[in-house]
Amino acid sequence: MNEVLPELDELLFSSVEGVLVESVEATDAVVRVGARTTAGRAACPGCGCRSGRIHGSYLRFPRDLPTAGKFVVVSLRVRRFVCEEESCERRTFAEQVPGLTRRFGRRTERLRSTLASVGLALAGRAGARMTDAFKVSVSRNTLLRLIASLPDPASAAPRVVGVDEYAQRKSRVYGTVLVGVETRRPVDLLPDREADTLAAWLAERPAIEIVCRDRASFFAEGATRGAPQAFQVADRWHLWHNLGEAAEKCVCRHRSCLRPAPEQPEESQEEPEPTASSPWPTGHRFAERTRTKHATIHALLAAGHSKRSVARQLGMTLNTILRFSRAASPEGMFTGQWQNRATRLDAYKPYLDQRRQEGCTNAWKLWEEIKEQGYPRG
(Lines give C-alpha, C1' and ligand atoms only; values in the text may rest on other atoms or scores of the structure.)
Protein backbone atom coordinates (compact mmCIF):
# COMPACT_ATOMS: atom_id res chain seq x y z
CA MET A 1 0.00 0.00 0.00
CA ASN A 2 2.86 2.38 0.74
CA GLU A 3 4.03 1.95 -2.85
CA VAL A 4 0.58 2.78 -4.22
CA LEU A 5 -0.02 5.93 -2.12
CA PRO A 6 2.41 8.18 -4.07
CA GLU A 7 0.65 7.17 -7.27
CA LEU A 8 -2.75 7.95 -5.72
CA ASP A 9 -1.40 11.24 -4.50
CA GLU A 10 -0.31 12.10 -8.04
CA LEU A 11 -3.63 10.90 -9.48
CA LEU A 12 -6.03 12.56 -7.01
CA PHE A 13 -4.20 15.78 -6.16
CA SER A 14 -1.90 16.37 -9.10
CA SER A 15 -2.99 20.02 -9.40
CA VAL A 16 -2.95 20.68 -5.65
CA GLU A 17 0.19 21.42 -3.66
CA GLY A 18 0.71 20.68 0.01
CA VAL A 19 -1.58 17.63 0.32
CA LEU A 20 -0.42 14.08 1.11
CA VAL A 21 -2.60 10.96 0.73
CA GLU A 22 -2.36 8.67 3.76
CA SER A 23 -5.09 6.07 3.18
CA VAL A 24 -7.84 4.98 0.81
CA GLU A 25 -10.87 3.00 2.01
CA ALA A 26 -13.47 1.74 -0.46
CA THR A 27 -16.88 0.36 0.52
CA ASP A 28 -19.90 -0.59 -1.54
CA ALA A 29 -21.08 2.99 -1.96
CA VAL A 30 -18.36 5.36 -0.69
CA VAL A 31 -14.66 5.87 -1.26
CA ARG A 32 -12.94 7.64 1.63
CA VAL A 33 -9.57 9.22 0.98
CA GLY A 34 -7.53 10.12 4.05
CA ALA A 35 -5.17 13.05 3.48
CA ARG A 36 -3.37 15.80 5.38
CA THR A 37 -1.80 19.13 4.60
CA THR A 38 1.97 19.44 4.53
CA ALA A 39 2.60 23.19 4.11
CA GLY A 40 4.89 24.58 6.80
CA ARG A 41 3.30 28.03 6.95
CA ALA A 42 -0.06 29.60 6.10
CA ALA A 43 -1.22 33.16 5.43
CA CYS A 44 -3.69 34.83 7.76
CA PRO A 45 -6.86 35.89 5.88
CA GLY A 46 -7.13 39.00 8.07
CA CYS A 47 -3.72 40.64 7.76
CA GLY A 48 -1.94 38.43 5.23
CA CYS A 49 0.92 37.67 7.57
CA ARG A 50 2.31 34.14 7.22
CA SER A 51 2.54 32.09 10.38
CA GLY A 52 4.10 28.72 11.20
CA ARG A 53 2.86 28.45 14.78
CA ILE A 54 0.31 25.61 14.96
CA HIS A 55 -2.59 25.96 17.38
CA GLY A 56 -4.30 22.62 16.64
CA SER A 57 -5.87 20.50 13.89
CA TYR A 58 -9.24 19.10 12.90
CA LEU A 59 -10.84 16.99 10.14
CA ARG A 60 -12.81 18.28 7.17
CA PHE A 61 -14.89 16.03 4.92
CA PRO A 62 -15.38 17.77 1.55
CA ARG A 63 -17.05 15.74 -1.18
CA ASP A 64 -15.12 15.18 -4.38
CA LEU A 65 -15.96 14.06 -7.90
CA PRO A 66 -17.36 10.50 -7.96
CA THR A 67 -15.34 7.56 -9.26
CA ALA A 68 -16.71 4.27 -10.62
CA GLY A 69 -20.22 5.34 -9.64
CA LYS A 70 -19.30 5.81 -5.96
CA PHE A 71 -19.23 8.85 -3.72
CA VAL A 72 -15.78 10.17 -2.96
CA VAL A 73 -15.25 11.86 0.40
CA VAL A 74 -11.90 13.35 1.35
CA SER A 75 -11.06 13.06 5.04
CA LEU A 76 -8.69 16.00 5.14
CA ARG A 77 -6.80 16.96 8.29
CA VAL A 78 -6.14 20.68 8.33
CA ARG A 79 -4.40 22.78 10.93
CA ARG A 80 -5.28 25.95 12.78
CA PHE A 81 -2.46 28.49 13.09
CA VAL A 82 -1.88 31.32 15.55
CA CYS A 83 -1.53 34.74 13.91
CA GLU A 84 1.76 36.24 15.02
CA GLU A 85 0.77 39.80 14.07
CA GLU A 86 -0.21 41.58 17.27
CA SER A 87 -2.31 44.23 15.51
CA CYS A 88 -4.44 41.62 13.72
CA GLU A 89 -7.95 41.08 15.07
CA ARG A 90 -7.71 37.34 14.40
CA ARG A 91 -6.00 35.28 17.03
CA THR A 92 -6.19 31.96 15.16
CA PHE A 93 -7.13 30.95 11.64
CA ALA A 94 -7.64 27.72 9.70
CA GLU A 95 -5.52 27.02 6.67
CA GLN A 96 -7.10 26.64 3.24
CA VAL A 97 -5.70 24.50 0.45
CA PRO A 98 -5.76 26.47 -2.82
CA GLY A 99 -7.54 24.51 -5.51
CA LEU A 100 -9.10 22.07 -3.04
CA THR A 101 -10.98 23.83 -0.23
CA ARG A 102 -12.51 27.17 0.63
CA ARG A 103 -13.94 28.62 3.81
CA PHE A 104 -17.13 26.83 4.90
CA GLY A 105 -17.01 24.78 1.69
CA ARG A 106 -18.48 21.27 1.79
CA ARG A 107 -17.30 20.39 -1.71
CA THR A 108 -13.89 20.37 -3.31
CA GLU A 109 -13.14 23.09 -5.81
CA ARG A 110 -13.16 20.71 -8.76
CA LEU A 111 -16.59 19.34 -7.81
CA ARG A 112 -17.82 22.88 -7.32
CA SER A 113 -16.55 23.98 -10.74
CA THR A 114 -18.09 20.90 -12.38
CA LEU A 115 -21.51 21.64 -10.86
CA ALA A 116 -21.22 25.28 -11.91
CA SER A 117 -20.48 24.19 -15.50
CA VAL A 118 -23.56 21.95 -15.47
CA GLY A 119 -25.66 24.83 -14.14
CA LEU A 120 -24.38 27.21 -16.82
CA ALA A 121 -25.18 24.70 -19.56
CA LEU A 122 -28.57 23.43 -18.35
CA ALA A 123 -29.73 25.89 -15.65
CA GLY A 124 -31.66 24.71 -12.59
CA ARG A 125 -34.11 21.86 -13.10
CA ALA A 126 -32.43 20.20 -16.08
CA GLY A 127 -29.03 20.56 -14.42
CA ALA A 128 -30.30 18.96 -11.22
CA ARG A 129 -31.56 15.98 -13.24
CA MET A 130 -28.18 15.68 -14.96
CA THR A 131 -26.28 15.59 -11.66
CA ASP A 132 -28.24 12.46 -10.76
CA ALA A 133 -26.60 10.74 -13.74
CA PHE A 134 -23.09 11.02 -12.28
CA LYS A 135 -24.11 10.36 -8.66
CA VAL A 136 -23.80 13.88 -7.27
CA SER A 137 -27.40 14.81 -6.53
CA VAL A 138 -27.94 18.50 -5.80
CA SER A 139 -31.03 20.69 -5.95
CA ARG A 140 -31.75 23.27 -8.61
CA ASN A 141 -31.33 26.03 -6.02
CA THR A 142 -27.80 24.84 -5.27
CA LEU A 143 -26.90 25.07 -8.96
CA LEU A 144 -28.40 28.56 -9.20
CA ARG A 145 -26.43 29.68 -6.12
CA LEU A 146 -23.20 28.36 -7.64
CA ILE A 147 -23.93 30.27 -10.85
CA ALA A 148 -24.70 33.45 -8.91
CA SER A 149 -21.41 33.19 -7.01
CA LEU A 150 -19.33 33.10 -10.21
CA PRO A 151 -17.53 36.33 -11.09
CA ASP A 152 -18.81 38.28 -14.06
CA PRO A 153 -16.96 37.28 -17.25
CA ALA A 154 -14.51 39.82 -18.54
CA SER A 155 -15.79 41.59 -21.62
CA ALA A 156 -14.10 44.01 -23.97
CA ALA A 157 -15.36 47.56 -24.22
CA PRO A 158 -18.07 47.63 -26.91
CA ARG A 159 -17.58 49.64 -30.09
CA VAL A 160 -21.31 49.85 -30.87
CA VAL A 161 -23.61 50.09 -27.87
CA GLY A 162 -27.40 49.96 -27.82
CA VAL A 163 -29.28 52.05 -25.25
CA ASP A 164 -32.88 51.41 -24.22
CA GLU A 165 -35.07 51.45 -21.14
CA TYR A 166 -36.39 48.49 -19.16
CA ALA A 167 -39.10 48.30 -16.52
CA GLN A 168 -38.22 47.29 -12.98
CA ARG A 169 -41.84 48.00 -12.11
CA LYS A 170 -44.03 48.78 -15.09
CA SER A 171 -45.28 52.36 -15.21
CA ARG A 172 -43.44 53.03 -11.94
CA VAL A 173 -39.67 52.42 -11.98
CA TYR A 174 -37.52 52.27 -15.11
CA GLY A 175 -33.82 51.71 -15.69
CA THR A 176 -31.43 51.73 -18.64
CA VAL A 177 -30.06 48.62 -20.33
CA LEU A 178 -26.91 48.79 -22.45
CA VAL A 179 -26.27 46.07 -25.01
CA GLY A 180 -23.26 45.34 -27.20
CA VAL A 181 -24.82 45.47 -30.65
CA GLU A 182 -22.02 43.47 -32.28
CA THR A 183 -22.00 40.71 -29.64
CA ARG A 184 -25.77 40.92 -28.93
CA ARG A 185 -25.09 40.56 -25.20
CA PRO A 186 -26.06 42.82 -22.29
CA VAL A 187 -23.19 45.00 -21.11
CA ASP A 188 -24.59 46.81 -18.08
CA LEU A 189 -27.76 47.90 -16.28
CA LEU A 190 -28.20 51.42 -14.94
CA PRO A 191 -30.57 52.06 -12.03
CA ASP A 192 -32.47 54.88 -13.77
CA ARG A 193 -32.92 56.52 -17.16
CA GLU A 194 -31.47 59.91 -16.37
CA ALA A 195 -29.16 61.71 -18.80
CA ASP A 196 -26.48 62.25 -16.12
CA THR A 197 -26.23 58.53 -15.34
CA LEU A 198 -25.89 57.57 -18.99
CA ALA A 199 -23.38 60.36 -19.64
CA ALA A 200 -21.19 59.21 -16.75
CA TRP A 201 -21.24 55.60 -18.00
CA LEU A 202 -20.33 56.59 -21.57
CA ALA A 203 -17.58 58.96 -20.42
CA GLU A 204 -15.74 56.02 -18.81
CA ARG A 205 -15.64 54.19 -22.17
CA PRO A 206 -14.11 56.45 -24.82
CA ALA A 207 -13.77 53.52 -27.27
CA ILE A 208 -17.49 53.68 -28.12
CA GLU A 209 -17.95 54.82 -31.73
CA ILE A 210 -21.68 54.36 -32.34
CA VAL A 211 -24.62 54.78 -29.95
CA CYS A 212 -27.79 53.06 -31.17
CA ARG A 213 -30.46 54.47 -28.91
CA ASP A 214 -34.10 55.03 -28.23
CA ARG A 215 -35.39 58.38 -29.48
CA ALA A 216 -36.09 59.66 -25.96
CA SER A 217 -34.73 63.11 -25.20
CA PHE A 218 -32.86 62.06 -22.04
CA PHE A 219 -30.99 59.35 -23.96
CA ALA A 220 -30.06 61.86 -26.66
CA GLU A 221 -28.77 64.34 -24.09
CA GLY A 222 -26.82 61.68 -22.16
CA ALA A 223 -25.20 60.31 -25.33
CA THR A 224 -24.23 63.80 -26.52
CA ARG A 225 -22.62 64.72 -23.22
CA GLY A 226 -21.00 61.36 -22.41
CA ALA A 227 -19.77 60.33 -25.87
CA PRO A 228 -19.41 63.42 -28.09
CA GLN A 229 -17.10 61.46 -30.40
CA ALA A 230 -19.74 58.78 -31.07
CA PHE A 231 -22.19 58.78 -33.96
CA GLN A 232 -25.82 58.49 -32.78
CA VAL A 233 -28.39 56.45 -34.69
CA ALA A 234 -31.96 55.36 -33.99
CA ASP A 235 -32.43 51.62 -33.80
CA ARG A 236 -34.62 49.89 -36.38
CA TRP A 237 -37.18 48.53 -33.92
CA HIS A 238 -38.08 51.97 -32.56
CA LEU A 239 -38.30 53.43 -36.07
CA TRP A 240 -40.81 50.77 -37.11
CA HIS A 241 -42.66 51.07 -33.81
CA ASN A 242 -42.99 54.85 -34.10
CA LEU A 243 -44.04 54.53 -37.74
CA GLY A 244 -46.76 52.06 -36.75
CA GLU A 245 -48.04 54.37 -34.01
CA ALA A 246 -48.13 57.33 -36.42
CA ALA A 247 -50.01 55.31 -39.02
CA GLU A 248 -52.52 54.13 -36.41
CA LYS A 249 -53.19 57.68 -35.22
CA CYS A 250 -53.64 58.87 -38.79
CA VAL A 251 -56.14 56.11 -39.54
CA CYS A 252 -58.05 56.85 -36.32
CA ARG A 253 -58.37 60.53 -37.23
CA HIS A 254 -59.88 59.61 -40.60
CA ARG A 255 -61.96 56.71 -39.42
CA SER A 256 -65.19 58.40 -40.49
CA CYS A 257 -63.86 58.71 -44.03
CA LEU A 258 -63.23 54.98 -44.25
CA ARG A 259 -66.77 53.98 -43.30
CA PRO A 260 -69.25 53.76 -46.20
CA ALA A 261 -72.36 55.87 -45.89
CA PRO A 262 -75.26 53.81 -44.60
CA GLU A 263 -77.90 53.04 -47.19
CA GLN A 264 -81.22 54.68 -46.60
CA PRO A 265 -83.90 52.02 -46.12
CA GLU A 266 -86.78 52.17 -48.51
CA GLU A 267 -89.99 53.38 -47.01
CA SER A 268 -92.48 50.58 -46.65
CA GLN A 269 -96.14 50.76 -46.06
CA GLU A 270 -96.07 47.68 -43.85
CA GLU A 271 -97.28 47.95 -40.32
CA PRO A 272 -94.51 48.20 -37.72
CA GLU A 273 -93.58 44.99 -36.01
CA PRO A 274 -94.83 44.53 -32.49
CA THR A 275 -91.23 44.27 -31.29
CA ALA A 276 -90.36 47.82 -32.45
CA SER A 277 -91.00 49.17 -28.99
CA SER A 278 -88.83 46.47 -27.50
CA PRO A 279 -85.75 47.66 -25.64
CA TRP A 280 -83.82 45.07 -27.67
CA PRO A 281 -83.95 45.45 -31.47
CA THR A 282 -84.43 42.53 -33.79
CA GLY A 283 -81.16 40.67 -34.20
CA HIS A 284 -79.91 41.17 -30.65
CA ARG A 285 -78.58 37.81 -29.46
CA PHE A 286 -80.28 37.92 -26.06
CA ALA A 287 -83.55 39.11 -27.53
CA GLU A 288 -83.59 36.40 -30.21
CA ARG A 289 -82.74 33.72 -27.67
CA THR A 290 -85.61 34.87 -25.44
CA ARG A 291 -88.04 34.93 -28.36
CA THR A 292 -86.98 31.40 -29.40
CA LYS A 293 -87.47 30.05 -25.88
CA HIS A 294 -90.88 31.77 -25.60
CA ALA A 295 -92.07 30.28 -28.91
CA THR A 296 -90.81 26.78 -28.02
CA ILE A 297 -92.40 26.76 -24.58
CA HIS A 298 -95.78 28.00 -25.84
CA ALA A 299 -95.73 25.48 -28.71
CA LEU A 300 -95.16 22.56 -26.31
CA LEU A 301 -97.86 23.82 -23.96
CA ALA A 302 -100.29 24.18 -26.89
CA ALA A 303 -99.46 20.56 -27.88
CA GLY A 304 -100.79 19.35 -24.51
CA HIS A 305 -97.55 18.95 -22.53
CA SER A 306 -97.58 19.83 -18.87
CA LYS A 307 -95.31 22.52 -17.48
CA ARG A 308 -93.20 19.96 -15.60
CA SER A 309 -92.84 17.92 -18.79
CA VAL A 310 -91.70 21.02 -20.69
CA ALA A 311 -89.18 21.81 -17.94
CA ARG A 312 -87.70 18.30 -18.18
CA GLN A 313 -87.53 18.37 -21.98
CA LEU A 314 -85.83 21.79 -22.18
CA GLY A 315 -83.63 21.39 -19.08
CA MET A 316 -85.10 24.43 -17.33
CA THR A 317 -86.48 24.97 -13.88
CA LEU A 318 -90.22 24.96 -13.30
CA ASN A 319 -90.18 28.63 -12.20
CA THR A 320 -88.61 29.64 -15.53
CA ILE A 321 -91.30 27.75 -17.46
CA LEU A 322 -94.01 29.45 -15.37
CA ARG A 323 -92.61 32.92 -16.11
CA PHE A 324 -92.46 32.22 -19.86
CA SER A 325 -95.99 30.72 -19.87
CA ARG A 326 -97.45 33.77 -18.13
CA ALA A 327 -95.87 36.19 -20.65
CA ALA A 328 -98.20 36.71 -23.62
CA SER A 329 -95.33 37.97 -25.78
CA PRO A 330 -91.50 37.76 -25.53
CA GLU A 331 -91.35 41.49 -24.79
CA GLY A 332 -92.97 40.75 -21.45
CA MET A 333 -89.74 39.06 -20.40
CA PHE A 334 -87.59 42.15 -21.09
CA THR A 335 -87.78 43.53 -17.59
CA GLY A 336 -85.44 44.14 -14.68
CA GLN A 337 -81.78 44.33 -15.59
CA TRP A 338 -82.65 43.84 -19.30
CA GLN A 339 -84.68 47.04 -19.47
CA ASN A 340 -82.99 50.10 -20.97
CA ARG A 341 -82.91 52.56 -18.11
CA ALA A 342 -82.11 56.22 -18.24
CA THR A 343 -78.60 57.09 -17.03
CA ARG A 344 -76.74 60.32 -16.34
CA LEU A 345 -74.58 59.61 -19.40
CA ASP A 346 -77.47 59.81 -21.87
CA ALA A 347 -77.14 63.58 -22.34
CA TYR A 348 -73.48 63.19 -23.33
CA LYS A 349 -73.81 60.20 -25.66
CA PRO A 350 -74.21 62.27 -28.87
CA TYR A 351 -71.00 64.14 -28.06
CA LEU A 352 -69.16 60.92 -27.28
CA ASP A 353 -70.33 59.36 -30.55
CA GLN A 354 -69.15 62.42 -32.44
CA ARG A 355 -65.71 62.35 -30.79
CA ARG A 356 -65.37 58.66 -31.55
CA GLN A 357 -66.17 59.31 -35.20
CA GLU A 358 -63.38 61.91 -35.14
CA GLY A 359 -60.94 59.22 -34.02
CA CYS A 360 -60.62 59.89 -30.28
CA THR A 361 -60.64 56.55 -28.45
CA ASN A 362 -58.91 57.57 -25.24
CA ALA A 363 -61.47 56.98 -22.47
CA TRP A 364 -59.65 59.17 -19.97
CA LYS A 365 -59.55 62.12 -22.38
CA LEU A 366 -63.23 61.70 -23.25
CA TRP A 367 -64.11 61.61 -19.55
CA GLU A 368 -62.18 64.85 -18.95
CA GLU A 369 -64.01 66.54 -21.84
CA ILE A 370 -67.50 65.62 -20.65
CA LYS A 371 -66.54 66.45 -17.08
CA GLU A 372 -65.85 70.01 -18.24
CA GLN A 373 -69.38 70.00 -19.69
CA GLY A 374 -70.84 69.10 -16.30
CA TYR A 375 -70.77 65.30 -16.11
CA PRO A 376 -70.78 64.62 -12.34
CA ARG A 377 -69.71 60.98 -12.17
CA GLY A 378 -66.41 59.15 -12.47
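Comparing Glu165, Glu86, Glu182 in a Gaussian network model of the chain (Cα springs below 10 Å), the most mobile by mean-square fluctuation is Glu86.
So how do His55, His254 rank on accessible area, 1.4 Å probe, biggest first, that is with the largest at the start? Spell out each step's value before the answer.
Working: His55 120, His254 90 Å².
Greatest to least solvent exposure: His55, His254.
Considering only Pro228, Ala94, Ala154, the residue lying farthest towards the positive end of the dipole of the chain is Ala94, judged by Cα position with unit charges set on Cβ. When the Gaussian network model of the chain links Cα atoms closer than 10 Å, the mean-square fluctuations of Leu300, Leu178, Leu144 top out at Leu300. Each label point was placed 7 Å from the Cα along the Cα-to-Cβ direction; for Arg308 and Lys349 their separation is 4.6 nm. Looking only at Ala328, Ala94, Ala68, which one moves most when the chain is put into a Gaussian network model with springs between Cα atoms under 10 Å? Its mean-square fluctuation being the largest, the pick is Ala328.
Pick out, in residue order, every one of the trypsin sites (Lys or Arg not before Pro) in segment 40-102 that is DSSP loop and has at most 13 other C-beta atoms within 10 Å; say none if there are none. If you can, show how the numbers build up before the last one.
Working: sites: Arg41, Arg50, Arg53, Arg60, Arg63, Lys70, Arg77, Arg79, Arg80, Arg90, Arg91, Arg102; in loops: Arg41, Arg53, Arg90, Arg91, Arg102.
Taking segment 40-102 and a limit of 13 other Cβ atoms within 10 Å, the loop trypsin sites (Lys or Arg not before Pro) found are Arg41, Arg53, Arg91.
When all protein chains stay in place and ligands, DNA and RNA are ignored, the 1.4 Å accessible-area order of Val82, Val233, largest first, is Val233, Val82.
Across segment 36-96, C-alpha contacts under 8 Å between residues 6 or more apart give a mean separation that, scaled by the residue count, equals a relative contact order of 35 percent. Shown here: Cα Rg over 2.2 N^0.38 Å, derived from the displayed model; of the candidates [x] 1.03; [y] 1.91; [z] 0.98, it corresponds to [y]. Against the chain, whose longest principal axis is taken from its Cα atoms, helix 236-253 shows a tilt of about 10°. Legend: calculated FRET efficiency, Cys250 to Glu209, from the Cβ-Cβ distance at R0 = 41 Å, rounded to 0.05, equals 0.65.
The chymotrypsin sites (Phe, Trp or Tyr not before Pro) found in segment 134-237 include none that occupy coil by DSSP while having at most 10 further C-beta atoms within 10 Å. A Förster radius of 25 Å combined with the Cβ-Cβ distance from Phe71 to Thr92 puts the calculated FRET efficiency at roughly 0.20.
Shape class for segment 46-174, computed from the alpha carbon gyration tensor (a ≥ b ≥ c): oblate, with a/c not under 1.5 and a/b at or below b/c.
The values are calculated or read from the model by the stated rules, or taken from the named source; none is laboratory data. Just so it is clear, the model here is predicted, and its values are computed rather than measured. FYI the Cβ positions are ideal-geometry reconstructions off the backbone, even for glycines, and counts take in every protein chain you see. To get the accessible areas, we keep the full protein, side chains included, count just its heavy atoms, and leave off ligands, DNA and RNA. Shrake-Rupley method; radii C 1.70, N 1.55, O 1.52, S 1.80 Å.
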